[in-house]
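Taking it in order: structure first as C-alpha cells, then the write-up.
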Amino acid sequence: MHILRIALLIVMVSTIGCEQESWNLVSPPPSADSIMVRLINMTSGNRSFVLQLDAIESAVQTTAVSPLNASRLIKSPADSAYVRVLDASGAIVKDAFGRTRFAKRTVETMVLVPSADGTRPADSLIRLVTNPLPLPQPGRAMLRFMCTVPDTTLSFEMRLGCPSGEFFDRQSFRGIGAPRDVPSGELVVSVLRGATPVAIVRATVRSQQFTT
C-alpha cells in the first residue's frame, strides 16, 4: 500500500495535462495577480473532502475530492483566508484557526494526508506553494519530491534515471524537497526505499513547467 501511494502520486503529478484536471504545478501567466488554490486528497479510506477558503466577506470552496484525486483550481477571494476542510456532509474536519496568508501570482496546493499512526484519516494539510517567477529557462523545468506515505519510520530516495542514477532527493512522511532545475522533455526517475527500487517512472515534462 505504501509503494502504491508513492508511485501513484509521482505518475499523476508528472503526466496529466495541465489544461485538464492536473496535479502539475504549472505557472500561471506572469501578469496574473490571482491566487489559485486546489486540494489533493491523499487520505486513507474512501471519504471525499472539500477545501473551503473563507475570507469573511466572501468564501469559495472546491467540489468534493475523492481519495487519490485533485480538485480543480479555485481563485482565492482575498490574499488571506481561513482554510478549512469539510467532509461530504459539510462538517468541519480540519480548521486552520488563524488566517492563512497567500502571495499573489502563486499556485497553492493543499495536500490532505492521514496521521502516521492511521488513527486519523484526515489529519493534516501539507501546503505546497509554487511561485512561477522567475520562470525556468526555455528547455528547462523545475522538479521537486514530496512524500505522503504515512509512516514516519520510512524514507524514500529519488534518483534521476535508473536506480543507480544521480541522487535527486530523500524525504520521509510530510517532507517536501526544494525545487531543482532539470531538462525538459522525457524524464525518468526512480524511487527507492533503502537500496530497493519501489517505482521507476517515465514522464514528459514541458519546458518552463513546475512539477511535484
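No lab work stands behind these numbers, since they all come straight from the coordinates. Bear in mind that the values here come from a model prediction, so they are computed numbers and not experimental data. With ideal geometry, Cβ positions are generated from the backbone for all residues, glycine too; neighbour counts draw on all protein chains shown.
Listed values, structure above:
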| read-out | value |
| --- | --- |
| Estimated FRET transfer efficiency (ASP151, LEU68; beta-carbon r; R0 22 Å; 0.05) | 0.80 |
| For ALA141, distant residues with modelled amide H under 5 Å away | VAL182, SER184, GLN208 |
| Residues whose placed amide H lies under 5 Å from that of PHE168, excluding near-sequence neighbours | MET158, ARG159, LEU160 |
| Rounded, prolate or oblate (a/c below 1.5 giving rounded, otherwise prolate when a/b exceeds b/c) for region 91-212 by Cα gyration tensor | oblate |
| Of the trypsin sites (Lys or Arg not before Pro) in region 87-116, those whose Cβ has at most 15 other Cβ within 10 Å and which sit in DSSP loop | ARG99, LYS104 |
| FRET E, pair ARG101, SER124, Förster distance 30 Å, beta-carbon r, rounded to 0.05 | 0.95 |
| Among VAL129, MET146, PHE156 - extreme Cα towards positive end, dipole of region 83-190, charges at beta-carbon | VAL129 |
| Cα-projected label distance for SER58 with VAL188, points at 7 Å along beta-carbon direction, nm | 4.9 |
| Assigned charges on the beta-carbon of Lys, Arg, Asp, Glu; region 146-188 dipole about Cα centre (debye) | 120 |
| Approximate spin-label separation SER207-ASP87, in nm, with each point projected 7 Å along Cα-to-Cβ | 4.9 |
